[in-house]
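All remarks here apply to the structure that follows.
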Amino acid sequence: MEAASVAEEFAALYGREPEGVWQAPGRINLIGEHTDYNDGFVLPVALPHAARVAVARRDDGLVRVHSSQGDGAVVEFTVDSLAPRSVAGWAAYPAGALWVLREDGHPVPGIDLHLDSDVPFGAGLSSSAALQCAVLLALDELLGLGIERPRLARLAQRAENDYVGAPVGVMDQTASLCCTEGAALFLDTRDMAQRQVPLDLAAAGLVLLVVDTRVEHGHADGAYRRRREGCERSADLLGVKALRDVEAAGGRELDVLLARLPEEELRRLTRHVVTENARVREAVGLLDAGELRSLGPVLTAGHASQRDDFAISCPQSDAAVDTALAAGALGARQTGGGFGGCVIVLTEPAQVPGITAAVTAAYAAQDGWNAPAFFTATPAPGARRLR
Ligand code: GAF
């Protein structure tokens, strides 16, 4: 899917040339899960998979949007009619982008828009943030708004929270807009401070294998929201602004602190967030020191925490992690929002055929499990204009 073909499809649909073509990538997260809405740390990496958007302005306030992944219909609405949830399905993302810019005080014109994405949908690779960010960056540049990328990421998050209605954090949007090629993005979601941490897997003789468990997940459902609310309640009960502010030096100190929470569920949620923030910092230290192999156990510990404390894993993700480790991987964990989606596996390239065969066989042995899919992740650039 090249920029030229997205532009050609636009021209065929709307009978004129687009004013430009932009793209925004999906992501994997190395470590730092469910920390972003706790003001914590994350370490995502942009993928080569991206959403691409061709856009041209209109002067009549009408919006026409089309997606190659939709049902073929062109969805139409007016800028004036935009209100939270006024448009559903994939079209909610371009609609949300227009809505949030208008809410932010910018004059928003009508547009014709065509989208095409190769970010697998529902696989925990941030396909929706990629759509949202591609459209927002296109509008920002087309309208000459000059909004800085971290702020654009916050606007994308607001569109997802308030327009689409999914209570997500800011990791995926920031990854899509701010990642750079060959690096992981170390982001402090409290103040949006960020640093590109070089991630040269090939030089370390390693590869990141992504296993798509083919279990679809979603964020608008209750499980994500329930965990977010539990974290917020725990922070309140502990008298801190966010769980980010809970820093424990060691296991005993953390146990004493957790004992102040009245429910086991809150203790588990809190323990995950506190230990996960520590794992992000440990991972960044290892990358800085060039000790990429040592990242493996940190990833695996992150998975155990998601499984046992945050309770967001599923049998397919656990099987992918356990099977990959048994087949020689250095580390593995489910990435993204959870309840399925993708598992990332840190390994030597020589182990990849054995790991993919073992995971495929483990899935085939279970009744009703979809066959897993695999690809290797190379840290790709963040969102940009293609033409
Ligand atoms: C999803 C959300 F969109 C992110 O904001 C983040 O919370 C993630 O789940 C879990 O780390 O991708």
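When 199, 266, 258 are checked against the criterion of being under 20 Å from the mean Cα position of the chain (by Cα) and either buried (at least 21 other Cβ atoms within 10 Å of the Cβ) or not assigned by TED's automatic domain parsing to the domain that holds residue 164 (or both), 199 stands alone in meeting it. Among the residues of the stretch 244-284, write down those that are β-branched (Val, Ile, Thr) and within 22 Å of residue 312 (Cβ to Cβ). Once the filter is applied, which keeps residues that are β-branched (Val, Ile, Thr) and within 22 Å of residue 312 (Cβ to Cβ), the stretch 244-284 yields 246, 270, 273, 274, 275, 280. Residues in the stretch 106-120 that are touching a helix residue (DSSP H, G or I) at 6+ places or on another chain (Cβ under 8 Å) and without any contact (Cβ under 8 Å) to a residue 60 or more places away in the chain: 108, 109, 110, 111.
Results for (1) under 18 Å from the mean Cα position of the chain (by Cα); (2) of a type in the set (S, T, N, Q); (3) over 30 Å from residue 287 (Cα atoms), shown as yes or no for each residue.
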| residue | (1), (2), (3) |
| --- | --- |
| 36 | yes, no, no |
| 48 | yes, no, no |
| 57 | no, no, yes |
| 61 | no, no, yes |
| 69 | no, yes, yes |
| 72 | no, no, yes |
| 90 | yes, no, yes |
| 95 | no, no, yes |
| 102 | no, no, yes |
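In summary, residue 236 fulfils each of the numbered conditions (1) under 15 Å from residue 273 (Cα atoms); (2) in contact (Cβ under 8 Å) with a residue 24 or more places away in the chain; (3) among the charged types (D, E, K, R); (4) more than 16 Å from the ligand (Cβ to nearest atom) with the single exception of condition (2). Remark: pairs (first residue in the stretch 340-359, over 15 Å from residue 326 (Cβ atoms) and assigned by TED's automatic domain parsing to the domain that holds residue 313; second residue among the acidic types (Asp, Glu) and modelled with pLDDT of 95 or more; Cβ separation under 6 Å; 6+ apart in sequence or on different chains) = 342/212. Looking for something in a strand (DSSP E or B) and either in the same structural domain as residue 167 (by TED's automatic domain parsing) or not small (Gly, Ala, Ser) (or both) - is there at least one such residue anywhere in the stretch 127-145? No, the stretch 127-145 contains no residue that is in a strand (DSSP E or B) and either in the same structural domain as residue 167 (by TED's automatic domain parsing) or not small (Gly, Ala, Ser) (or both). Could you say whether any residue in the stretch 222-236 is over 21 Å from residue 338 (Cα atoms) and loosely packed, with under 15 Cβ neighbours inside 10 Å? Among the residues of the stretch 222-236, at least one is over 21 Å from residue 338 (Cα atoms) and loosely packed, with under 15 Cβ neighbours inside 10 Å, which makes the answer yes. Considering only residues in the stretch 12-47 that are over 19 Å from residue 126 (Cα atoms) and either at pLDDT below 95 or in a strand (DSSP E or B) (or both), the one that is farthest from the ligand (Cβ to nearest atom) turns out to be 20. When the stretch 315-326 is limited to residues that are small (Gly, Ala, Ser) and surrounded by 20 or more Cβ atoms within 10 Å (Cβ to Cβ), the one that is farthest from residue 355 (Cα to Cα) turns out to be 317.
The values are calculated or read from the model by the stated rules, or taken from the named source; none is laboratory data. Remember, predicted model here, so these are calculated numbers, not experimental data. Using ideal geometry, Cβ is built from the backbone for each residue, glycine included, and neighbour counts are taken over all protein chains shown.
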